[in-house]
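Worksheet for the structure shown next.
The values are calculated or read from the model by the stated rules, or taken from the named source; none is laboratory data. On a predicted model such as this, the values are computed, not experimentally measured, just so you know. Backbone-built Cβ (ideal geometry, glycine too); neighbour counts: all protein chains shown. Just the protein is used for accessible areas: all its heavy atoms, side chains included, with ligands, DNA and RNA removed. Shrake-Rupley method; radii C 1.70, N 1.55, O 1.52, S 1.80 Å.
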Amino acid sequence: MIEVQNLKKYYGDDEAIKAVDDVTFVCPDGQITGLLGPNGAGKTTTLRMITGLIKPRGGTVIVNGCDVTREPEKVRQMLGVQADATGVYPRLTPREQFKFYGRFYGLRGKQLDEHVQAVIDELQMQDIADRRAEGFSRGQRQKIVLGRALVHNPPNVIMDEPTNGLDVMAVRQTRETIHAMKARGRCVLFSTHYMDEAERLCDNIAIIVGGKIVAVGSPEQLMRQTGQTRLEDAFVSLAGREGLLRSEHAGQSRSLELNTAVA
Ligand code: ATP
């Protein structure tokens, strides 16, 4: 479980860029949580703070009871983070890459081999597991970076726009993988710009606009709240309404009404 509490990150000399501003949401185990928001809303900054890549200005991130800032080593063991697919080693096979990462997480011998095989099976990579990664398609490379993130069997998985730039088949495979992770009881948190994807996959959604959470709830709750039948329309309604409130009440706290409406 990932608990994000009053998280803040400001940029600029006078901290004028409020990239993430008092963000709070929870990602339960065995559920898929989607972080949605327009460009520049604060999604990547939020995910980077959760993974410990950047330090928050304020607030806390608790992963399975451990504080990301105070206990980074413990959190690292409980978190799988899907990195950019450009960082794949072309000379190594997927199995070799998973072993390399497994050792990094302290796995050795039989236990390491078992973990590596479990990832190969989970991601259905049996046919490519022992081929050098040179020339792998984008979808295949995506599986390698996801496999590297899963090799220590973390209960929580974080993905930043996992289907961005993938073809139809690779998108479908990635979505199936996300579903399978949920079925195994993992807590999955991902960001996406694809509303149909979020509607189909997510149990919970947090919508962030201008660094603030403007709505949280299941896709059904968000659609009901806005009187829409598609998540895309609900998103436009919530994100657009927030934009209007911001221009009308510049500088004031403004997401309370929306937050309480969904809670
Ligand atoms: P996108 O959907 O376009 O990827 P996002 O929701 O992931 O956007 P972030 O990348 O988190 O948004 O950026 C949030 C805000 O913080 C933006 O205004 C961005 O310009 C700003 N920002 C992010 N990182 C930095 C940085 N290192 N220095 C200055 N400003 C930054």
Projecting the Cα atoms of SER137, VAL171, LEU231 onto the charge dipole of the chain, where Lys and Arg contribute +1 and Asp and Glu -1 at Cβ, the residue farthest towards the positive end is SER137
Farthest toward positive dipole pole in the chain [+1 Lys/Arg, -1 Asp/Glu at C-beta], among GLY211, VAL75, VAL20: VAL75
Helix 94-104 versus the longest principal axis of the chain: what angle, 0 to 90°, nearest 10, using Cα atoms? 70 degrees
May I ask you to derive the relative contact order of the chain, considering only C-alpha pairs under 8 Å and at least 6 residues apart, and to give it as an integer percent? 24 percent
For the chain, take the longest principal axis of its alpha carbons; what is the angle in degrees between that and the long axis of helix 168-183, to the nearest 10 within 0 to 90? 90 degrees
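What order, most packed first, do the peptides 223-236, 138-151, 184-197 have when packing is the mean number of other Cβ atoms within 10 Å of each residue?
Numbers: 223-236: 16.8, 138-151: 22.4, 184-197: 19.6.
Highest mean packing first, the order is 138-151, 184-197, 223-236.
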Ignoring ligands and nucleic acids, what accessible area does GLU71 show with a 1.4 Å probe (Å², nearest 10)? 60 Å²
Kindly provide the helix-only [θ] at 222 nm of the chain, computed as the sum of -39,500 (n - 2.57) over DSSP H runs of four or more divided by all residues, to the nearest 500 deg cm²/dmol? -12500 deg cm²/dmol
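For the chain, would you read off the P(r) tail past 34 Å as a percentage of all alpha carbon pairs?
Details: 6852 of 34453 pairs.
When every Cα pair of the chain is considered, 20 percent fall beyond 34 Å.
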With each label point set 7 Å from Cα along the Cα-Cβ vector, what nm distance links ARG103 and ASP29? 3.2 nm
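Determine the share of segment 87-153's accessible area contributed by carbon and sulfur atoms, expressed in whole percent, with a 1.4 angstrom probe. The partial results should precede the final answer.
On the way: 1620 of 3480 Å².
Reported share for carbon and sulfur atoms: 46 percent.
So if I place +1 on the C-beta of Lys and Arg and -1 on the C-beta of Asp and Glu, and nothing else carries charge, what would the dipole magnitude of segment 83-240 be about its Cα centre? I want it in debye, nearest 20.
Working: 21 positive and 20 negative charges, 114 e Å.
Dipole of segment 83-240, to the nearest 20 debye: 540 debye.
In the structure displayed, which of LYS18/LYS143; LYS43/LYS99; LYS18/LYS43 lie more than 24 Å apart, Cα to Cα?
On the way: LYS18/LYS143 34 Å; LYS43/LYS99 31 Å; LYS18/LYS43 12 Å.
Table pairs above 24 Å Cα-Cα are LYS18/LYS143; LYS43/LYS99.
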With every protein chain present, what accessible area does THR86 have (1.4 Å probe, heavy atoms only), rounded to the nearest 10 Å²? 120 Å²
At 0.36 nm per residue, minus the direct Cα-Cα distance, what do ASP233 and THR86 gain on full extension? Give it in nm, one decimal, please. 49.6 nm
Between the helical axis of 109-122 and the dominant principal axis of the chain, each derived from Cα atoms, what acute angle in degrees is found, rounded to the nearest 10? 60 degrees
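Using a Förster radius of 30 Å, what is the FRET efficiency between ASP13 and SER218 based on their Cβ-Cβ separation? Nearest 0.05, please. Each step should come with its number before you reach the end.
On the way: r = 41 Å, r/R0 = 1.35.
In this case the efficiency is close to 0.15.
Could you state the accessible area per residue of segment 3-158 in Å², with a 1.4 Å probe and every protein chain left in place?
Per-residue accessible area for segment 3-158 comes out at 49 Å².
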